[in-house]
Amino acid sequence: MALKVNLLKITAVELQKLLSDRLLTSRDAVKLYLAQIAKHNHTGLQLNAIISVANYDDILQRADLLDEEREQGKIRGPLHGVPIILKELGNAKGDRLMAGWSALGGQTKNPHVEGEIPPGAPFLTSWGPAGSSSGSATAVTAGFSPLSLGTELEGSITWPAARAGLYAIKLTPGSVDQHGFQPGAAGFDCQGPYAKTTIDAAILSAIIQRLSPDHYLPLRTTWNGLRLGFVEPSQWRTPGDVVEEVDGFFYQTDTALLAASRTIEERGGMVVTSVNLSVWEDIIKMMPDLDDMGELFNYQMKLSWLKFLALWEGTPQTVEDLIRWNKEHADLEFTPRDNNQRALENIRDSTMTEEHYNRNVKALRTAARDAIDRVLSKHNLDVVLGPCDSRLNSMAAAAGYPLGNLPLGYADFNGRGFSLHIIAPAGDEAKIFQVMSAWETTFPENVRPPRVLIET
């Protein structure tokens, strides 16, 4: 094929333009992406981002069908013929299993970080990809597809997006049909896209929310009229047993945050720094009977996992069956480090009643929403922003609010990405996308291909 396509840079919108102009077919595109997956998923850099790929001939047959429809003038939408990677299971197996690891797929890597994860590293180590949607994030960064979908209960989309240097959003819980995805907790979890550009993320978001594909369009390119509040980053640090502390890293990220806020203000945005958003430790105390939000998740998963397991023939049909199967196949299911299934056991052992659940979830949700809404109202803000690798994802989950990712930079010590996370009220994804698109215009170099992939 004469046309050369840079899979590390091309976006879904750009790919669609090539398809529309008949410079490329969906069959051609699929073959390019499958070749890239074959090159670096389990061989080459061994990124282990994708657990399974559909049958090669079936994929090409589907691509041919979409090409035929295009020739007949039948265009399904702006993503007609564009490959997308999907996440299925999430991290609901064990306690502090290494982020990105699965018994079947192995350890997903962050292509921005060279070398292996150090022995003894914490489960959200800066040398790893972070979060259970890490395969979806790594796949887009590595040129396995221009778009992917992840799911997030508490950080599973936004943490990997930060590490990978991508635009991403956890959409408002309840706004997307979750059928077929591993259940998290209704009202807390949701799907969301990974993309190299805001417009790609906005289009896919609208589609999975069953809105018009242009629902969040047009996007803006200026900061005029946008009002942003930045939390004090020193109040939003993750403990060293979750992400190791590295000398100079907080200085780099805090400096980048301050510089970005000043640039936004210089370009017409209204900025309030060090807004007094209640810290997570104060929010979680508002539950009258619990001290861990995860206990709420266990209650819901105990109810929902039965329906989920029933979708799959030939698999364990209860959580207890699943636990037993893992024990009987310990040589396949565990490693010396990732050696437990306490999350599944906690789901099985939950004794929470509906009344107990409702009382605590109401208190938690009220506290989280009041804290965010109070800051938005006090300063007349559109959104609140803060550093990645923090509990802002927990705040968003507790409130049932959408959470976006804005790529900010790459760590001097190992190349991992770092970002700002952005919260808006439920159903206000449009505000996140407007800020995201202005951000992309202002900081176009914040999304970039990994050096190691450019060289291969």
Kindly provide the set of residues from the stretch 369-423 that are aliphatic (A, V, I, L, M) and either more than 21 Å from the chain's Cα centre (by Cα) or part of a helix (DSSP H, G or I) (or both), ordered by number.
A371, I372, V375, L376, L381, L392, M395, A396, A397, A398, A399
Among residues belonging to the stretch 348-397 that are free of Cβ contacts under 8 Å to residues at least 40 places away in the same chain and of a type in the set (S, T, Y), point out the one that is nearest to G409 (Cα to Cα).
S377
Going through the stretch 250-290 one residue at a time, which ones are over 26 Å from E440 (Cα atoms), open to solvent by less than 30 Å² (accessible area, probe 1.4 Å) and outside any loop (DSSP other than H, G, I, E, B)?
W280, I283, I284
Within the stretch 33-45, does at least one residue satisfy the condition of being in a loop (DSSP other than H, G, I, E, B), touching a Ser or Thr at 6+ places or on another chain (Cβ under 8 Å) and surrounded by fewer than 21 Cβ atoms within 10 Å (Cβ to Cβ)?
yes
Answer yes if at least one residue in the stretch 157-169 is surrounded by fewer than 24 Cβ atoms within 10 Å (Cβ to Cβ), within 24 Å of S304 (Cβ to Cβ), touching a Leu at 6+ places or on another chain (Cβ under 6 Å) and of a type outside the set (K, R), and no otherwise.
no
Conditions: (1) surrounded by 22 or more Cβ atoms within 10 Å (Cβ to Cβ); (2) over 17 Å from the mean Cα position of the chain (by Cα). D247 meets all but one. Number of the miss?
(1)
Would you check which residues across the stretch 104-114 are open to solvent by 40 Å² or more (accessible area, probe 1.4 Å) and in contact (Cβ under 8 Å) with a residue 60 or more places away in the chain and list them?
K109, E114
I'm told A206 meets every condition in (1) touching a residue at least 24 places away in the same chain (Cβ under 8 Å); (2) small (G, A, S); (3) in contact with a Pro (Cβ under 9 Å, 6 or more places away or on another chain) except one. Can you identify the failing condition by its number?
(1)
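The values are calculated or read from the model by the stated rules, or taken from the named source; none is laboratory data. Treat the numbers as computed from the prediction; the structure is a model and nothing was measured. Cβ coordinates were reconstructed from backbone atoms using ideal geometry, including for glycine residues, and neighbour counts include every protein chain displayed. Protein only, heavy atoms only, side chains kept; ligands, DNA and RNA dropped before computing areas. Shrake-Rupley method; radii C 1.70, N 1.55, O 1.52, S 1.80 Å.
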